[in-house]
Structures are given as structure tokens and as C-alpha cells.
Amino acid sequence: MDEPVYDPAYTPSQPPQAQNPDPAPAAHGQGDQTPADIVYLPVNMRFLKSISCALKIFELLFGLISWSCVACCLGIGANVWVFLVAFLIWLYAIANFVVFTFCLDRKLSFVHWGWEELIFNSVAAVLILSAAITESVVASDYYYYSAGSAFVASCVFLWFNTILYSAGIVFSFRKLKGRWPWEGHSTTAGAGSSWSTEQQSHPPPTTVEAPPAYPTDDVAKY
């Protein structure tokens, strides 16, 4: 029997079911996605390299530890109120971190994020301070019980968070006004703030007046 000769132009025939000229469209969400279907979120690298970002990361970390320790002994003293304060502020801090990381503050331009950050840090510092004082009083009464270590840990990290949110007030004021709180008010205050910088980086387009049109020779003859 002769060996089959290799023909480079030969292509094997496809099975009948694969030769359907009008294949049914794939259901939504199946198959490969095209680049147009993928949503890309920009990342604010300038924010991630700033001191405000480092403060927010430590606030989230210490806040997680503090409300987790408080949750271990909810039925003692005023721990329910302390837990609600620590947990709700922690959730809002996560939302703030996501907004500034993925540049959502530019899309939600109806909110003045400079004032929002300053007000949030101020309210959070006062509430966390009151929660830390309350937890310290409760911890002194229940120190020798089985949950004493959880009380001590929650107190320590609540006080740490109070310091962090107080520092956040200073940096958010600097970001909003362009000067430190202890510096005197000047006429140029706010000129170096990030909000003014963004407005200066996109100046309004200048209009150039077109020169007057002079009649050509063909028009001048008439």
C-alpha cells in the first residue's frame, strides 16, 4: 500500500455541526470578554504616596482591632455603644479610603471632599475619644475578669485611633486651606491647597480674536 503524500494545501473537513453559518449568539456573561466590556478604575497614586493615606491605613487597622476586641465582651458595661461607635466609624473610613484611592471624588463632584474629610476626622476624633474614655473606665472595673485582656487591648487601640484622627484633622485642614492650623491667616491662604491647585492646573481656555477679514481683489471690483 502506498504511503499517503503530504499535501500542505489540504485542510481536514470540519464536522457538520461546526459549519453552521449563523451560530447562536452566546449568552451575556459567557465566553471571552472584549476590552470594551471591562471597566477600569483609575488609581490615585499621588494619594497612595501621601501621609494622609498612611494615616487612613493605620486608622483602618487599629479600628479593626479595637472593635474586634470590644465585640468579645459586648454584654459588659457600655460596650454596646463603644462597639457601635468604633464599627460605624471604621465602615465610613473604608468608604473614604475607596473614594480617594479610585478617584471617585472627581466623579462625585457635588460633594466638597475637602470639607467632608475635615468634618469626618473632627467628628471621628471626638467620638473615638469619648469611646476610649468610656472603655478605660469599664476596663478598670473588669480588669481581673476573664475578658480583661480584651478590655485593655480595646482601650489601647481606641486611644491610638484618637491620636490618628486628631492628626487627620491637621492634615485635612492643611489640604483644604493650604496652611497649617497654627499659621496666621493671610490673603494667600488656600493658594497652595490641593483644591486650588487642581483649578489652576486646568485654566479656562483663552480666546484669540480673529483678524478682520479684508476684501480680496475680486470683491473690491464690485
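The values are calculated or read from the model by the stated rules, or taken from the named source; none is laboratory data. All values reported here derive from a predicted model rather than from experimental measurement. Reconstructed Cβ throughout: ideal geometry from the backbone, glycine too, with neighbour counts over all protein chains shown. Ligands, DNA and RNA are excluded from the accessible area calculation, which covers all protein heavy atoms including side chains. Shrake-Rupley method; radii C 1.70, N 1.55, O 1.52, S 1.80 Å.
Out of segment 56-73, which residues are within 16 Å of residue 96 (Cβ to Cβ) and surrounded by fewer than 20 Cβ atoms within 10 Å (Cβ to Cβ)?
Residues of segment 56-73 that are within 16 Å of residue 96 (Cβ to Cβ), as a first pass: 56-64.
Listed by number, the residues that qualify are 57, 58, 60, 61, 64.
Looking at segment 162-181, I want the residues that are within 20 Å of residue 127 (Cβ to Cβ) and have a partner that is charged (D, E, K, R) with Cβ atoms under 7 Å, at least 6 apart or on another chain. Which pairs are those?
So the pair list comes out as 164/59; 165/59; 172/117.
Please go through segment 53-81 and give me each residue that is closer than 16 Å to residue 127 by Cα, part of a helix (DSSP H, G or I) and touching a Ser or Thr at 6+ places or on another chain (Cβ under 6 Å), ordered by number.
Result: 66, 70.
Can we say residue 156 is open to solvent by 50 Å² or more (accessible area, probe 1.4 Å), out of contact with any helix residue (DSSP H, G or I) (no Cβ under 6 Å at 6 or more places or on another chain), within 29 Å of residue 67 (Cβ to Cβ) and at pLDDT 80 or above?
Details: open to solvent by 50 Å² or more (accessible area, probe 1.4 Å): yes; out of contact with any helix residue (DSSP H, G or I) (no Cβ under 6 Å at 6 or more places or on another chain): yes; within 29 Å of residue 67 (Cβ to Cβ): yes; at pLDDT 80 or above: yes.
The answer is yes for residue 156.
Looking only at segment 103-143, count how many residues are under 23 Å from residue 87 (Cα atoms) and in contact with a Pro (Cβ under 7 Å, 6 or more places away or on another chain).
The total comes to 0.
Could you please give the count of residues in segment 86-115 that are open to solvent by less than 70 Å² (accessible area, probe 1.4 Å), in contact (Cβ under 8 Å) with a residue 12 or more places away in the chain, part of a helix (DSSP H, G or I) and not β-branched (Val, Ile, Thr)?
Number of matching residues: 9.
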